[in-house]
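Read through the structure below, which is laid out as structure tokens, and then see the notes.
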Amino acid sequence: MRITGVRVVLHERVSAGLAVFGVRDGRLPMGVLRVFTDEGIEGNNFLSYPGPGPAVIAQQIADFVKPVLVGADPLDIGAHWRRMAGLGHFISPITMGAVDVALWDIAGKAAGMPVHRLLGTCRDRIPVYFSSGHHKTAREYADEAVYWREQGWRGYKLHPPRAPWLAAAPPPVTFDIEACAAVRSAAGDGMALMLDPSWSYDYPQALRVGQAIQDLGYLWYEDPLAAHDIHGYQRLKQHLHIPILATEVTPGGLEALPPWIIARATDFLRGDVVIKGGITGLMKIAHLAEAFGMNCEVHDAYNAMSNVASLHVIMAIGNCDWFEALAFNRSGDHSLEHLSYGLAEPFRVDDEGNLHAPTGPGLGAGIDWALINSSVSGEVS
Ligand SMILES: [Mg+2]
């Protein structure tokens, strides 16, 4: 089998509840990557933010990746991955990840099997936690956690309103502690709870909030300090017993992670298929974690099809306990549209809060072309 063409359909997502970072005038730029072969098999993935955005990613694919892919065997995924890794001064890691996922889609379709089967299936379902948007009151977080508990979901994570991209000034850290306490008291002891302040605390704040949430029985404490602050994390871990989860946006992928393990600066590794090198890159990170007896807690993958790709990885590794459902919802909105947008089949969690392994060949994720074609803004090939 040979790759015959690579094309990106740029389009704009328009949705009533759109609260994702990067929206302009109610529209979010996106892309559908299409990799064609001489056997009629097509591999796909969705392009979205973060990073330079779909139009730039599409141009990088056309200028730097397509010339090395056309005429090549799409199943040489490891070789293509290494070659793209060597283009790091020309392309974004996001470009590399996007293409890698589409090649795995081809491989699964060619084999007539879901991608997780090719990776080595470990299980057929994973519990999902709801990952909050940014809310203004402790009550809004508590009500949201209770809503998802009532749907059978067993985990909830708070994002306090202090992410670096928010325009409003952050509240004092006492707000975060109050919100965490309100969620615990409303959701009860049976729900797994996590806190992610998005790299925003200084060391004294991180210690204070960490002590509070470990007393509240939180499951993990995610990214309290700046993403690069390995020594701060190392120090924090010496003073807290709640597990700390860092490395979500550590630049550099696999090779950036050994220092975090050696320094005992995090209890888990973290990654996603978007910024850490696709399915191939995330599998490497999960195996690195496994060698050290650590979990690799897989991060939200920014768009619906990339989240399906993450799900295949999760089914093929034993060292991840949760799937993150980050719907970017405003307070009171319980739609999961963000996790379904552009797919033929909606994101579906069972009554016990589990997401099931895809069963179709490849990613097993059909595209809602009628929806995408209604907002096409251009094509890059
Ligand atoms: Mg996070």
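The values are calculated or read from the model by the stated rules, or taken from the named source; none is laboratory data. A quick note: this is a predicted structure, and the numbers were derived from the prediction, not measured. FYI the Cβ positions are ideal-geometry reconstructions off the backbone, even for glycines, and counts take in every protein chain you see. These accessible areas exclude ligands, DNA and RNA; they are computed on the full protein's heavy atoms, side chains included. Shrake-Rupley method; radii C 1.70, N 1.55, O 1.52, S 1.80 Å.
Which members of segment 271-289 meet the condition of being away from the ligand (no atom under 16 Å from the Cβ) and among the hydrophobic types (A, V, I, L, M, F, W, C)? Steps first, answer last, please.
First pass over segment 271-289, keeping only residues away from the ligand (no atom under 16 Å from the Cβ): 277-281, 283-284, 286-289.
Within segment 271-289, I279, M283, A286, L288, A289 meet the criteria.
Starting from segment 352-369, keep only residues that are open to solvent by 30 Å² or more (accessible area, probe 1.4 Å), then list their pairs with residues that are among the acidic types (D, E) whose Cβ atoms are within a distance under 8 Å, requiring at least 6 positions of separation or different chains.
The qualifying pairs are H356/D124; H356/D350; G366/E345.
Before we move on, is R330 touching a residue at least 60 places away in the same chain (Cβ under 8 Å) and basic (K, R)?
Yes: the conditions hold for R330.
In segment 93-126, which residues are surrounded by fewer than 18 Cβ atoms within 10 Å (Cβ to Cβ) and not in a helix (DSSP H, G or I)?
Within segment 93-126, G112, M113, G120, T121, C122, R123, D124, R125 meet the criteria.
Could you tell me which of the residues F268, F292 is aromatic (F, W, Y), more than 15 Å from the ligand (Cβ to nearest atom) and under 28 Å from G88 (Cα atoms)?
On inspection, the qualifying residue turns out to be F292.
Would you confirm, using the coordinates I've provided, whether A79 is crowded, with 17+ Cβ neighbours inside 10 Å and of a type outside the set (S, T, Y)? Break it down stepwise before answering.
Values: crowded, with 17+ Cβ neighbours inside 10 Å: no; of a type outside the set (S, T, Y): yes.
For A79, the condition - crowded, with 17+ Cβ neighbours inside 10 Å and of a type outside the set (S, T, Y) - is not met.
Which number in (1) among the acidic types (D, E); (2) touching a strand residue (DSSP E or B) at 6+ places or on another chain (Cβ under 8 Å); (3) open to solvent by 10 Å² or more (accessible area, probe 1.4 Å) marks the one condition that E345 misses?
E345 satisfies every listed condition except (2).
Do you know which residues across segment 170-179 are part of a helix (DSSP H, G or I) and surrounded by fewer than 16 Cβ atoms within 10 Å (Cβ to Cβ)?
Matches in segment 170-179: T174 only.
Considering only segment 330-341, I want to know if a residue exists there that is within 16 Å of the ligand (Cβ to nearest atom), at positive phi and in the same structural domain as A263 (by TED's automatic domain parsing).
The answer is no; no qualifying residue exists.
Taking segment 192-248 only, how many residues are in contact with a Phe, Trp or Tyr (Cβ under 9 Å, 6 or more places away or on another chain), within 25 Å of R149 (Cα to Cα), more than 16 Å from the ligand (Cβ to nearest atom) and open to solvent by 40 Å² or more (accessible area, probe 1.4 Å)?
0
Could you check segment 82-92 and list, in sequence order, the residues that are closer than 14 Å to K284 by Cβ and open to solvent by less than 20 Å² (accessible area, probe 1.4 Å)?
Scanning segment 82-92 gives a single hit, M84.
Pick from A163, A182, A142: which is surrounded by fewer than 21 Cβ atoms within 10 Å (Cβ to Cβ) and away from the ligand (no atom under 16 Å from the Cβ)?
When all the criteria are applied, what remains is A182.
Against the condition within 15 Å of H116 (Cβ to Cβ), assigned by TED's automatic domain parsing to the domain that holds I261 and more than 16 Å from the ligand (Cβ to nearest atom), how does V349 come out, does it pass?
It is false that V349 is within 15 Å of H116 (Cβ to Cβ), assigned by TED's automatic domain parsing to the domain that holds I261 and more than 16 Å from the ligand (Cβ to nearest atom).
Going residue by residue through segment 153-163, is there one that turns out to be among the hydrophobic types (A, V, I, L, M, F, W, C) and in a strand (DSSP E or B)?
Yes; the residues of segment 153-163 include at least one that is among the hydrophobic types (A, V, I, L, M, F, W, C) and in a strand (DSSP E or B).
For segment 43-61, give me each residue that is surrounded by fewer than 19 Cβ atoms within 10 Å (Cβ to Cβ) and either over 20 Å from G271 (Cα atoms) or of a type in the set (S, T, Y) (or both).
A55, V56, Q59
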